[in-house]
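The block underneath contains the structure these notes are about, expressed in structure tokens.
The values are calculated or read from the model by the stated rules, or taken from the named source; none is laboratory data. The structure presented is a predicted model; accordingly, all values stated were derived computationally and were not measured. Counting neighbours? That spans all protein chains shown, and the Cβs are built from the backbone with ideal geometry, glycine included.
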């Protein structure tokens, strides 16, 4: 279960690292404008910092290598939902990161990226028999979400030992964080088997004892807005359950614990905090028996690997004033920043102002709204935000958007998906590579049933 490669690295982050990342970003924004990647014809693009992604992958490897004995099987599986892009999955595969998938589509992306079945984990609360059959035929790890799903797996496994590692997802019910919609370990969370409900713990133990091939437990207590201590408490609860099952079995039946992901991201500065090393050390203090080498480990981090390394660059089309407040109308709004537009208090984003040449704008901060192109009043990236005054032809750079933003398009007003470009910087300047082509008008029409335009007319 060890990662494909585990680059030698340490989690020592020099104080200059955030400034270096910010400098790379500024260079990329300017180069995108100068090269024409961003401009009047392409007024919105996504930019991915390849070096930054590699750095986060190395930090993840190092953090858990630092708290586990040599040879401990550890699989870091990227949560594909955070950035469902084949080139991203391919890059992470090269950095020793597998894939956690939650749908047939995500599995298809992981396979297209060349992620091995042995480095793939299937989690979903609504797996169909066909999905389960495919995963078992490929040898992909599966975590059953509920007793009914386990019954389906029973029928598929039969009397033959499965080639896939199989486990149960449990909800330790330790409470939620500050964002209710992302809290997965509350008393009534839809995920997993509610461990504190009457009779549930006993059911889990018996289910495992009756199925010697159930060798894993899975939990996911973390996400944005969840404190590290609460995340660690959820992992501790599941480790204690594994120990109880193994004692009842008289052997180490549960040999692997999947601790999920959900490391929060700092959206207020360029600092990458909290760090993977912080969380790994806290786990070592909270559940030391989990990390003493007796258990294999699976992680499913997503947002924390990608968020800080993405930037949405949007051209300002018009500016105006309403009620005495300036408004900059850009091409980035609800179609790319859906969570921020609909829940701005939970998902505020940093924005930097750039001139028509892509250079950082200077000047006094002016409170202004940064609006998107969609036709409803709440389509705002920022409200009453102090920035150098934006003018038509300038650019707004929306930071920390590498996860759950430009890869999750919301087709409001049939707005086109933007192109996404990876970038690397060096002595010769900035080099761009296409990670996803911009959506064409023909593709928008096709997605809207354009090939069946007469289907609803009377014959």
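Summary of computed values
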{"item": "Search result, residues across region 67-87 that are in a helix (DSSP H, G or I), over 14 Å from residue 300 (Cα atoms) and in contact with a strand residue (DSSP E or B) (Cβ under 7 Å, 6 or more places away or on another chain)", "result": "87"}
{"item": "Number of the condition not met by residue 426 [criteria: (1) more than 26 Å from residue 54 (Cα to Cα); (2) at pLDDT below 95]", "result": "(1)"}
{"item": "Residue that is farthest from the chain's Cα centre (by Cα) [pool: residues in region 418-441 that are farther than 20 Å from residue 33 by Cβ and in contact (Cβ under 8 Å) with a residue 12 or more places away in the chain]", "result": "441"}
{"item": "The one condition in (1) over 25 Å from residue 325 (Cβ atoms); (2) part of a loop (DSSP other than H, G, I, E, B) that residue 424 fails to fulfil", "result": "(2)"}
{"item": "Region 158-194: number of residues that are modelled with pLDDT of 90 or more and either surrounded by fewer than 16 Cβ atoms within 10 Å (Cβ to Cβ) or assigned to a loop (DSSP other than H, G, I, E, B) (or both)", "result": "4"}
{"item": "Count - residues of region 311-358 that are part of a strand (DSSP E or B) and surrounded by fewer than 22 Cβ atoms within 10 Å (Cβ to Cβ)", "result": "12"}
{"item": "Single residue of region 242-260 satisfying the filter (in contact with a helix residue (DSSP H, G or I) (Cβ under 7 Å, 6 or more places away or on another chain) and buried (at least 20 other Cβ atoms within 10 Å of the Cβ)) that is nearest to residue 217 (Cα to Cα)", "result": "257"}
{"item": "Condition broken by residue 406, with the remaining ones in (1) in contact (Cβ under 8 Å) with a residue 60 or more places away in the chain; (2) closer than 30 Å to residue 321 by Cα; (3) surrounded by fewer than 20 Cβ atoms within 10 Å (Cβ to Cβ) satisfied", "result": "(3)"}
{"item": "Residue that is surrounded by the most Cβ atoms within 10 Å (Cβ to Cβ) [pool: residues in region 98-116 that are free of Cβ contacts under 8 Å to residues at least 24 places away in the same chain and part of a helix (DSSP H, G or I)]", "result": "111"}
{"item": "Residue match in region 418-439 (condition: buried (at least 20 other Cβ atoms within 10 Å of the Cβ) and out of contact with any strand residue (DSSP E or B) (no Cβ under 9 Å at 6 or more places or on another chain))", "result": "no"}
{"item": "Residue that is surrounded by the most Cβ atoms within 10 Å (Cβ to Cβ), among those in region 195-211 that are closer than 24 Å to residue 164 by Cβ and touching a helix residue (DSSP H, G or I) at 6+ places or on another chain (Cβ under 8 Å)", "result": "208"}
{"item": "Residue in region 60-76 that is in contact (Cβ under 8 Å) with a residue 24 or more places away in the chain, buried (at least 20 other Cβ atoms within 10 Å of the Cβ) and within 29 Å of residue 397 (Cα to Cα) present", "result": "yes"}
